[in-house]
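Colleague: Below are the C-alpha cells for one structure; questions will follow.
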Amino acid sequence: MNSLLSQLKPYPFARLREAMQGLEAPEGLPTVPLHIGEPKHATPKVITDALTASLSELEKYPLTAGLPELHQACADWLARRYDGLKVDPATEILPVLGSREALFSFIQTVLDPVADSKPVVISPNPFYQIYEGGTILAGGEIHFANCPAPSFNPDWPSISDSLWQRTKMVLVCSPNNPSGSVLQLEEWQELFALQDKYGFVIASDECYSEIYFDGKKPIGGLQAAAQLGRSFDKLMMFTSLSKRSNVPGLRSGFVAGDAALLKDFLLYRTYHGSAMSIPVQRASIAAWNDESHVIDNRRLYQEKFDKVIPILREVFEVDFPDASFYIWLKVPDGDDLAFAKRLWTEAAIQVLPGRFLARDTEQGNLGEGYVRIALVAGVETCVKAAETIVSLYR
C-alpha cells in the first residue's frame, strides 16, 4: 500500500461519530441534521428533464474533455455571472466530476515531489479536508494560513518568506467553508502580489459562490484578475452545480483558468478515467443555462437566514455570513464539542464542532469555540432548531 495513506487524518464526520459514541438523542425526537453541507432543496425540473431525455446516450463512451456545448454553456455562465468575463470555452474550461474530485486531482498535476522535495501547499485554516488529503498523497507538505475573527480570511503575512519560497500552490476558498467570508478585490490583489513574487499556482474553490444575500455577489478569482488587468496565468477556479442547483449527486462542475495548466490537467484526467457521462453533461448544460432555479434557491436560503439569525441573536453573538449556507457560531463557553454533544443528547440536533474543521497551529486551533451549522433543511425545520438551541442556552 502507498505509505502516504497512513498520513491521512480521519474526516470531520468520522471524528464526530467517534466523539458521539455512546450518546443517544432523546427518544421520540426526530434527528435534525445541520452538520453536513448537503443541499436539501428539490432538484430543479429543468435538470431532471434534460437528464432523463438523454439516457439513451449512456451507450456512448464520453470524452474526458466533455461536449463542446457544455464548454460553451460554462463560458456563457461565467460571462453572465461575472460581468462579461471572457473565457475561451475550448482552452480555458474543463468539465469535472464536482469540485471535490477536481481539487483533489488538480493538486496531483501541480506538485512534483521528484523535482521538489516536499513541495508546499498553503491552505486556509479552518479548511476543507480534501486540500490536506490531496497534498499529502501528492507527496507535498501542507501549511496553514489561519483565518481569525473578525474577517475569517487568511492571514497571509503570518507565512514566512522561507515558506513562501517553497510554496507551489495556494488554496483559496471564497465564499469560505465554514465561515462564509468572502475575499474582496483588495484581498485578491494582496494574494496576486504574493503570487508575482513567489510564482505559485492559485486554486480558488468557489463552490458556494451562488448562495449570497441581499444581492451582494461574491467576486471570483478570475473576475478579480480581469478587473486588475491580469491574465489567468497560474490561476484556476473550481465551481460546481451541487450547491448552486441542488444536485450534489449529479457530481458535476467545471474548472476554468490557465490554458496551459488545463491542458496538463486534461492529460491527467484522461488517464485517471474522469470522463463525465453524456446524460450528466446534458443535464449540466441545462443547469448552467438556467438561472431562474438559482434565484429561487437563493431566496429560500435568504428566508432561512432572515428568520434564524434574529432568533440566535437572542442568546449568541452571530452575524450573517457574507455568503454560503453556513453559520459559524461562537459558542458561549468556548467548548464546541460539549455544545454539539448537548444539542444531540437534549434536542437531537446535529452540528459540527469547529475543532474538527481545523488543525492545531502556534496560534491554537482556530475552529475551537465555534460550531458549523448548515441551514440546508427546510425553513420551518431550521427555525424550530434555532428556537430549540436558544431555549437550551437562554
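The values are calculated or read from the model by the stated rules, or taken from the named source; none is laboratory data. Worth saying up front: this structure is predicted, and the values here are computed from it rather than measured. Virtual Cβ from ideal backbone geometry, glycine too; neighbours counted across all protein chains shown. Heads up: the accessible areas ignore ligands, DNA and RNA and are worked out on the full protein's heavy atoms, side chains in. Shrake-Rupley method; radii C 1.70, N 1.55, O 1.52, S 1.80 Å.
Colleague: P68 passes all but one of (1) open to solvent by 30 Å² or more (accessible area, probe 1.4 Å); (2) touching a Phe, Trp or Tyr at 6+ places or on another chain (Cβ under 7 Å); (3) modelled with pLDDT of 95 or more; which number fails?
Modeller: Evaluating P68 over (1) open to solvent by 30 Å² or more (accessible area, probe 1.4 Å); (2) touching a Phe, Trp or Tyr at 6+ places or on another chain (Cβ under 7 Å); (3) modelled with pLDDT of 95 or more leaves (2) as the failure.
Colleague: Still on this model: Quickly run through the range 49-59 and pick out the residues that are assigned to a helix (DSSP H, G or I) and either closer than 25 Å to K243 by Cβ or touching a residue at least 12 places away in the same chain (Cβ under 8 Å) (or both).
Modeller: D49, A50, L51, T52, A53, L55, E57, L58
Colleague: Next up: Would you mind stating whether K307 is assigned by the TED database to the domain that holds T91 and open to solvent by 30 Å² or more (accessible area, probe 1.4 Å)?
Modeller: no
Colleague: Also: Suppose we filter the range 23-48 for residues that are outside any loop (DSSP other than H, G, I, E, B), open to solvent by less than 70 Å² (accessible area, probe 1.4 Å) and under 30 Å from I285 (Cα atoms); how many remain? Quick ask: steps written out before the conclusion?
Modeller: Filtering the range 23-48 down to residues outside any loop (DSSP other than H, G, I, E, B) leaves 32-33, 45-48.
Narrowing further to those that are open to solvent by less than 70 Å² (accessible area, probe 1.4 Å): 32-33, 46-48.
Applying the additional criterion that residues be under 30 Å from I285 (Cα atoms) yields 46-48.
Selection size over the range 23-48: 3.
Colleague: Related question: Could you give me the residue pairs with C-beta distances under 9 Å whose first residue belongs to the range 342-369 and is without any contact (Cβ under 8 Å) to a residue 60 or more places away in the chain and hydrophobic (A, V, I, L, M, F, W, C), whose second residue is open to solvent by less than 10 Å² (accessible area, probe 1.4 Å) and assigned to a loop (DSSP other than H, G, I, E, B) wherever it lies, and which are 6+ apart or on separate chains?
Modeller: L343/L34; L343/V351
Colleague: Which of (1) part of a loop (DSSP other than H, G, I, E, B); (2) at pLDDT 95 or above; (3) closer than 22 Å to V182 by Cβ is the odd one out, the single condition M276 does not satisfy?
Modeller: (3)
Colleague: Return the total of residues in the range 274-320 being farther than 30 Å from Y393 by Cβ and not hydrophobic (A, V, I, L, M, F, W, C). Reasoning before the result, please.
Modeller: Here is the first cut: in the range 274-320, the residues farther than 30 Å from Y393 by Cβ are 274-297.
Narrowing further to those that are not hydrophobic (A, V, I, L, M, F, W, C): 274, 277, 279, 281-282, 284, 289-293, 296-297.
Qualifying residue count, the range 274-320: 13.
Colleague: Name, by its number, the condition in (1) open to solvent by less than 70 Å² (accessible area, probe 1.4 Å); (2) within 18 Å of L235 (Cβ to Cβ); (3) not in a strand (DSSP E or B) that does not hold for P62.
Modeller: (2)
Colleague: Another question about this same structure. If a residue has to be under 16 Å from Y208 (Cα atoms) and open to solvent by less than 10 Å² (accessible area, probe 1.4 Å) to count, how many in the range 221-235 make the cut?
Modeller: Filtering the range 221-235 down to residues under 16 Å from Y208 (Cα atoms) leaves 221-223.
Filter again for open to solvent by less than 10 Å² (accessible area, probe 1.4 Å), leaving 221-222.
Number satisfying all stated conditions: 2.
Colleague: Something else about it: Step by step: first the residues of the range 89-100, then only those that are open to solvent by less than 70 Å² (accessible area, probe 1.4 Å) and in contact with a helix residue (DSSP H, G or I) (Cβ under 7 Å, 6 or more places away or on another chain), then the one that is nearest to E38 (Cα to Cα). Which residue is that?
Modeller: Start the filter on the range 89-100 by keeping residues that are open to solvent by less than 70 Å² (accessible area, probe 1.4 Å), which leaves 89, 91-99.
Subsequent filtering for residues that are in contact with a helix residue (DSSP H, G or I) (Cβ under 7 Å, 6 or more places away or on another chain) retains 89, 91-96, 98.
Numbers: P89: 29, T91: 32, E92: 29, I93: 26, L94: 24, P95: 21, V96: 19, G98: 13 Å.
My answer is G98.
Colleague: Quick check on my filter: what residues within the range 232-250 are outside any helix (DSSP H, G or I) and in contact with a helix residue (DSSP H, G or I) (Cβ under 7 Å, 6 or more places away or on another chain)? If you could, list the steps in order and put the result at the bottom.
Modeller: Kept after step one, since they are outside any helix (DSSP H, G or I), are these residues of the range 232-250: 232-240, 246-247.
Selection gives F232, K234, L235, M236, M237, F238, T239, S240, N246, V247.
Colleague: Could I ask something else about it? Can you spot a residue in the range 326-347 that is open to solvent by less than 20 Å² (accessible area, probe 1.4 Å) and of a type in the set (D, E, K, R)?
Modeller: Yes - at least one qualifying residue is present in the range 326-347.
Colleague: Only helices (runs of 4 or more DSSP H) wholly contained in the range 279-394 count here; list those with 1 or more residues that are more than 30 Å from T64 (Cα to Cα) and in contact with a Gly (Cβ under 6 Å, 6 or more places away or on another chain).
Modeller: Of the helices (runs of 4 or more DSSP H) lying wholly inside the range 279-394, those with at least 1 residues that are more than 30 Å from T64 (Cα to Cα) and in contact with a Gly (Cβ under 6 Å, 6 or more places away or on another chain) span 336-347.
Colleague: Keeping to the range 3-22, report how many residues are outside any helix (DSSP H, G or I) and exposed (fewer than 10 other Cβ atoms within 10 Å of the Cβ).
Modeller: Total satisfying the criteria: 2.
Colleague: Is there any pair linking a residue in the range 275-304 that is under 30 Å from S56 (Cα atoms) to one that is aromatic (F, W, Y) and modelled with pLDDT of 95 or more, with Cβ under 8 Å and at least six apart or on different chains, and which?
Modeller: As it stands, the answer is A275/Y61; W288/W77; N289/W77, since those pairs meet every condition given.
Colleague: From the list R299, R282, R269, pick out the single residue that is assigned by the TED database to the domain that holds E92, under 23 Å from H41 (Cβ atoms) and either surrounded by fewer than 20 Cβ atoms within 10 Å (Cβ to Cβ) or among the basic types (K, R) (or both).
Modeller: Exactly one residue qualifies, and that residue is R282.
Colleague: Can you list residue pairs whose Cβ atoms sit under 8 Å apart, with the first residue in the range 2-23 being free of Cβ contacts under 8 Å to residues at least 12 places away in the same chain and the second being surrounded by 12 or more Cβ atoms within 10 Å (Cβ to Cβ)? Count only pairs 6 or more apart in sequence or on different chains.
Modeller: E18/P10
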